[in-house]
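Asks: I'd like to ask you about the structure that follows.
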Amino acid sequence: MRSGPACSRRTFLLTVLVGALAPTGCSDKDASPPTDTVPPWLPGAVGDVDAAARIGRAYLQANRGERNLDTLLAAIDAALVGDPGLGGGDTQRLLTALQHTVRAEYLRGESVNVQGWVLSVTEARVYAVLALAADG
Amino acid sequence: MYTDARTLNDGTTVQADVAVVGGGPAGITLARAFAGSGVEVCVIEAGGLQPDPEVQALYQGENAGIDYPLAAMRMRMFGGSSNHWGGYCRPLDPIDFEARDWVPHSGWPFGIEELAPYYGPASDIVEVAPAEYQDMAYWARTTGDTLPQLATGRMWMRFVHFSPPTRFGEKYGPELERAGNIRVLLNANVVNIQATAEGRAVNGLDIRTLNGLSHRVTARYYVIACGGLENARILLLSNDVVPAGLGNQNDLVGRFFMEHPHLGGFGEIVVADLQRLPPIYRDRILVHGHDVKAAFNPSEAFLREQRLLNATFMGGVAGEYRKGDKASAESERAAAHADMLMAAQRFLADGAGPVKADDPDYLGVWLGMGCACEQAPNPDSRVTLSGERDVLGLPRIKLDWRLTEQDRRSLLQHMHSLAYEFGTLGIGRLVLNVADDSPWPEVVAGGAHHMGTTRMHDDPRQGVVDRNSKVHGVDNLYVAGSSVFPTSGAANPTLTLVALTLRLADHLKGQLQ
Ligand SMILES: Cc1cc2nc3c(=O)[nH]c(=O)nc-3n(C[C@H](O)[C@H](O)[C@H](O)COP(=O)(O)OP(=O)(O)OC[C@H]3O[C@@H](n4cnc5c(N)ncnc54)[C@H](O)[C@@H]3O)c2cc1C
C-alpha cells in the first residue's frame, strides 16, 4: 500500500488522466491501473502539442525502453513533487505541480540530452507521452 | 618626448634610469607612473604611431599546436594590442589566485588582496570607473530592474565593464610626450637583452631598426613589456650569455602558455518571455558613461565542490521567432528552436496565452552564447623559437598551444550549469552543439589573451619571475604583462595586467629611492 500523500497525488493524476473511466479514491485497485489514455490535462502543459511530440519522438528514440504510455506516466507520476497548494481545480494543481517538478529537476541537475537540448527528465517524458499519443 | 629610432645616428646609446621594452598597456602604464618624477624613463617601442605592415610582419610565427593566427592576435605599434582590443574588463576572482589541489601548478604568490588596491586605479586607466563588478543589489538599484538570483548554487552573476575601448597610445601617448623625463623611442626593435658575464644583471638592450640601424639603451632597471608571447621570445632570444635564454635556467620561459579558449556557438538558449531576462543579462547597458553587461560565472563553492576550472559566459539576443516564419521552415536549427519555444511555452511564460498579448504569433528569441574559460597551466603548452627567421634575422616565434581533457570536462560541466540555471528560473532552454564525449572542437579559438609564459612563483624552479615580477637570478630585470600570470582565471586579462603593472611601478619606485 502506498503512503497517503503519494496515493492522493497518484489518484489526482489518474483521476484527471482517465476521467470517468478511472476509479477514484485511494485503494489497491487504483494504485497502478493500466491505461493507454493520454491524460486530458497533459496537452495543456505544453504550448504546442505537435512541437512537443517532435521533441518527444527524439527522446523516445534514445530511450526505447520508455516507449510505453504506462511506463512514462508512472515515471511522471513518481516525479511529481508535493501538493503546490494552489487553487484552481485539479488540472491547475497538476500543471502547477508539473512546473515545480520540472524546475526542481533543473535545480538538482536531473537532465537528459535530447538532440542537444538539456531538458529536465520529466519535461522530456511529458513530450514523449504526447509523441506516443500522436503516433497512436 | 617621441624619438624615431630610424632617424638617430647609427650606434646611438640612450641612457635612462628605467628602460621599458614595449609601449602597450603595460609599458605605457609603467612609464606614466613615473611621469613628472625625477626618474628618467625610456620606452622602447618596436612600432610607430601608425600601423605598418612591415613592422606587423615581425609578429608572424609558426604553429605547432592548435591553429593560432599569431600576427592577427596582437599589434606591433605604439599602444600595442590596445589598438584593437575589445575592452572587456573584469578582475580575476579570488579563487584564481589560490593553489587548488585539483589544478596542477596553480597558485599565485599572493592573494587578490595584494592587487585589490590597484584594481580601482586600473579601472580608471581603462576608463571603466566607477566600476562595480559583482554586487547584484547595486546593479538592481542602478538599472531599476529585478535581477533574478541564480538558484542552483552552481553559478553566480558577475558584471563585465567595457572600456571605450581605451587606445593606450592615443590616450596616454601625449602625456608621455609632454613629460620631461620620458622618452619614447619609436620604430626600435629590442633584439637582445645584454646580460653581464655571469648573467646576474642586465647592462644594456640591443636595438635594431628596419632601416638597418643599431642602437643601445642602458638603464639601472629594465622592464620587458612586449606582450604575453613576445616577452618569452625576447628572453629566449637573449641567449649569448645564458644559452637557454635569459631567466631560463630552469627551462620555464615560454612554457605554461595559456589562453582563454573561446567557444562561440557551443550552444544557444531559447527564451520565450524576454521580460524574465532583464536587459543587463543580455545587452550592454550604458551606465556612468560606459557599457556594462552581466556574465554567468561558476560560483566559487561549485568550483571547489566539483574541482573545476573557472569560466565566463555571456549571451545576447541573436534572433526572434514567430509561428510559421521563414527561418524555422528553412533552417534545421531555427526549426528546433521554434519547436522548443512552442513545446516549453507553458514552462517559460506565465499563463496559457501568447507570450505577447498583442502578437499572438510571437514565440520568443534565441540567445547566442559565448564562453571564455580557464585552461589549466600546462608545461607542454608553450612558446619556443622557430627555425624560420624574420627580416631582422631573428628566429620567429613558435607556438604550441594545447588544451587538456580537464579543460574540456570543466567547460562542459559549466555549460550544463547554465542550462540548469535557466531551467530552474523558468527562463529558457539550452541546446548544446558539443557532445559530452567529443574531443575539443576543431574550431576552438583564443581571445588574444596571452598568459603564463614567464609565470610568477616564489620558487625559481617553478616560476620565471618572483612575486615582484623580477626575473629570478637577474638583479635588475622585470617583466610586465599577462605573461607573469601563473593561472589565467576566466576574466579578460588587461585590467589585471594594468593593476599588476601599477604594483610593479610602486616596487620600482621603492627600489629607485
Ligand atoms: C583583437 C583583440 C581583442 C582583445 N580584447 C580584449 C578585451 O576585450 N579585454 C582584455 O582584457 N584584453 C583584450 N585583448 C588583449 C589585450 O589587448 C592585451 O591584454 C593587452 O594589449 C596586453 O598589453 P601589453 O602591454 O602587455 O602587450 P601588448 O599590447 O602586446 O603591447 C606590447 C608592445 O610591445 C611592443 N614590442 C613587441 N616586441 C618588441 C620588441 N622586441 N621591441 C620593442 N617593442 C616591442 C609591441 O609593438 C607592442 O606595442 C585583446 C587583444 C586583441 C588582439
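Just so it is clear, none of the values below were taken in a lab; they were calculated from the coordinates. What you are looking at is a predicted structure, and each value in this text was computed from that prediction instead of being measured. As a convention, Cβ positions derive from the backbone with ideal geometry for all residues, glycine included, and neighbour counts pool all protein chains shown.
Asks: Relative contact order of chain B, please, whole-number percent, based on alpha carbon pairs below 8 angstrom and at least 6 residues apart. Intermediate results must be reported in sequence, preceding the final value.
Replies: Numbers: 1222 pairs, mean separation 121.3, N = 513.
Dividing the mean separation by the residue count of chain B yields 24 percent.
Asks: A follow-up question, please. Ignoring solvent entirely, what values of log10 I(q)/I(0) come out of the Debye formula for the protein assembly as shown at 0.05, 0.06, 0.08, 0.11 Å⁻¹ when each Cα is a single scatterer?
Replies: Per q value, in the given order, log10 I(q)/I(0) is -0.30, -0.41, -0.66, -1.01.
Asks: Rounded to whole Å, give me the distance from the Cα center of the stretch B:241-276 to that of the stretch B:398-462.
Replies: Between the Cα centre of the stretch B:241-276 and that of the stretch B:398-462, the gap is 9 Å.
Asks: Here's something else I'd like to know. Roughly how many whole Å is it from the C-alpha centroid of the stretch B:196-218 to that of the stretch B:64-142?
Replies: Using only Cα atoms to place each centre, the spacing works out to 32 Å.
Asks: Distance between Cα centroids, the stretch B:14-35 to the stretch B:323-380: provide it in whole Å.
Replies: A separation of 49 Å, based on Cα centres.
Asks: Give B:Lys326/B:Lys356; B:Lys293/B:Lys398; B:Lys171/B:Lys509 a once-over and call out the pairs whose C-alpha atoms are over 26 Å from each other.
Replies: Values: B:Lys326/B:Lys356 20 Å; B:Lys293/B:Lys398 36 Å; B:Lys171/B:Lys509 24 Å.
In this structure, B:Lys293/B:Lys398 lie more than 26 Å apart at Cα.
Asks: How big is the stretch B:428-491 by Rg and Dmax over its Cα atoms, in Å?
Replies: Rg, Dmax (Cα atoms, Å): 17.7, 56.
Asks: Right, something else. Taking Rh as the Kirkwood radius computed over C-alpha pairs, what is the Stokes-Einstein D of the stretch B:37-95 at 20 °C in a medium of viscosity 1.002 mPa s, expressed in µm² per second? Don't skip to the end; give the middle numbers.
Replies: On the way: Rh = 14.2 Å.
Estimated via Stokes-Einstein, D reaches 151 µm²/s.
Asks: Let me have the 222 nm mean residue ellipticity of chain B computed from DSSP H runs of 4+ only, each contributing -39500 (n - 2.57), with the sum over all residues rounded to the nearest 500.
Replies: Helix-only estimate at 222 nm: -7000 deg cm²/dmol.
Asks: Write down the Å³ per residue value for the convex hull defined by the alpha carbon atoms of the stretch B:136-248.
Replies: Working: hull volume 24.7 nm³, N = 113.
For the stretch B:136-248, the hull spanned by Cα atoms encloses 219 Å³ per residue.
Asks: Right, here's the next one. Using 0.36 nm per residue, how much length does the chain from B:Asn203 to B:Arg461 gain when fully extended, once their Cα-Cα distance is taken away?
Replies: Details: separation 258, 0.36 × 258 = 92.88 nm, distance 2.45 nm.
Once the chain is fully extended between B:Asn203 and B:Arg461, it gains 90.4 nm.
Asks: Next question, about the same structure. Working from the pairwise distances between different alpha carbons, so that the mean of 1/r is found and then inverted, what is the stretch B:375-462's Kirkwood radius in Å?
Replies: Values: mean 1/r = 0.0603 Å⁻¹.
One over the average 1/r among Cα pairs gives 16.6 Å for the stretch B:375-462.
Asks: How high is the relative contact order of the stretch B:62-205, in percent, counting Cα pairs under 8 Å that sit 6 or more residues apart? If you can, show how the numbers build up before the last one.
Replies: Values: 130 pairs, mean separation 35.0, N = 144.
In percent, rounded to a whole number, it is 24.
Asks: Within chain B, which complete DSSP H helices have Cα atoms spanning at least 18 Å along the helix axis and a mean Kyte-Doolittle hydropathy of -1.0 or higher?
Replies: Correct list, ordered by number: B:112-125, B:405-424, B:494-512.
Asks: Still on this structure: When the Kirkwood radius is taken over all Cα pairs of chain B, what Stokes-Einstein diffusion coefficient follows at 20 °C and 1.002 mPa s, in µm²/s?
Replies: D = 89 µm²/s.
Asks: Bin width 10 Å, origin at 0, all Cα-Cα pairs of the stretch B:212-295: what percent of pairs per bin?
Replies: 12, 24, 19, 15, 19, 9, 2
Asks: Over the Cα atoms of the stretch B:77-182, what radius of gyration and what Dmax do you get, in Å?
Replies: Calculated on Cα positions, Rg and Dmax stand at 17.7, 57 Å.
Asks: With just the Cα atoms of the stretch B:1-114, tell me how far they stretch along each of the three principal axes, in Å, largest first.
Replies: Rounded to whole Å, the extents work out to 56, 41, 27 Å.
Asks: Under 18 Å from a point 7 Å along the Cα-to-Cβ line of B:Asp101: which residues of the stretch B:300-328 have their amide N that close?
Replies: B:301-309
Asks: Take the Cα coordinates of the stretch B:330-486, assign each an equal point scatterer, and use the Debye formula without solvent to give log10 I(q)/I(0) at q = 0.17, 0.20 Å⁻¹.
Replies: -1.09, -1.30
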